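**Student:** Let me give you the structure first, and then I'll get to my questions.
The values are calculated or read from the model by the stated rules, or taken from the named source; none is laboratory data. Since this is a predicted model, take the numbers as computed values, not measurements. Using ideal geometry, Cβ is built from the backbone for each residue, glycine included, and neighbour counts are taken over all protein chains shown.
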Amino acid sequence: MDEGTVNISDIKISDIKIDPRRFQFRLGNVAEDGTRGILADVKVYNPIFADAVLVWQDKNRQLFFVDGHERLALAKRMGVQQVRAFILKEPEGISAEGAREEGIWGNIANGLYSVSELAVLFKNYDITLHRLSGKIFKAN
């Protein structure tokens with residue numbers, strides 16, 4: 001993906017649709033909101049620590065949540081109205097599947113995966129070590 005196709009904006013949480021079956025790559029115990037409850041005990045939402053979430057906008061301008069389900073759930077619980085989001089857009093050539101794959105790459109780059117999830121990702125997305133190193137560690 002070309003970095004020029006990434007938009008960043010503060011968006012209303014209420015404007016984001018959640019569809020974990022379509023965008024969540026996690027295996028196993030995932031709730032309907034795409035979470036596993038890893039931030040359930042956290043009592044403060046700090047937007048600096050939370051960083052931007054990943055959202056995909058379809059051709060009808062509907063927003064779908066791609067990555068950061070735990071942070072979004074925390075923001076909702078704390079009464080936060082908006083989150084900072086990287087927005088990938090279908091009209092700019094990013095499909096739903098392409099957005100999902102970008103979410104997966106972000107999790108890989110941040111070490112947020114289990115060994116079994118990584119094995120499935122390598123198989124389903126034809127990820128090789130060469131492709132992995134080229135995607136995450138781009139030369140300047």
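**Student:** Does Gly98 fit the bill of being over 16 Å from Asp10 (Cα atoms), touching a strand residue (DSSP E or B) at 6+ places or on another chain (Cβ under 6 Å), in contact (Cβ under 8 Å) with a residue 60 or more places away in the chain and in a helix (DSSP H, G or I)?
**Tutor:** No.
**Student:** Starting from residues that are in contact (Cβ under 8 Å) with a residue 12 or more places away in the chain, surrounded by fewer than 20 Cβ atoms within 10 Å (Cβ to Cβ) and not acidic (Asp, Glu), keep the ones in the range 44-63 and report whichever is farthest from Arg22 (Cα to Cα).
**Tutor:** My answer is Val44.
**Student:** What number of residues in the range 119-129 are modelled with pLDDT under 75 and either over 27 Å from Val30 (Cα atoms) or hydrophobic (A, V, I, L, M, F, W, C) (or both)?
**Tutor:** Total meeting the criteria: 4.
**Student:** Output the residues belonging to the range 10-65 that are touching a strand residue (DSSP E or B) at 6+ places or on another chain (Cβ under 7 Å), part of a loop (DSSP other than H, G, I, E, B) and polar (S, T, N, Q).
**Tutor:** Result: Gln62, single match.
**Student:** Now for a different question. Quick one: Gln81 ticks every box in (1) under 18 Å from Gly103 (Cα atoms); (2) in contact (Cβ under 8 Å) with a residue 24 or more places away in the chain except a single one, so which number is it?
**Tutor:** (1)
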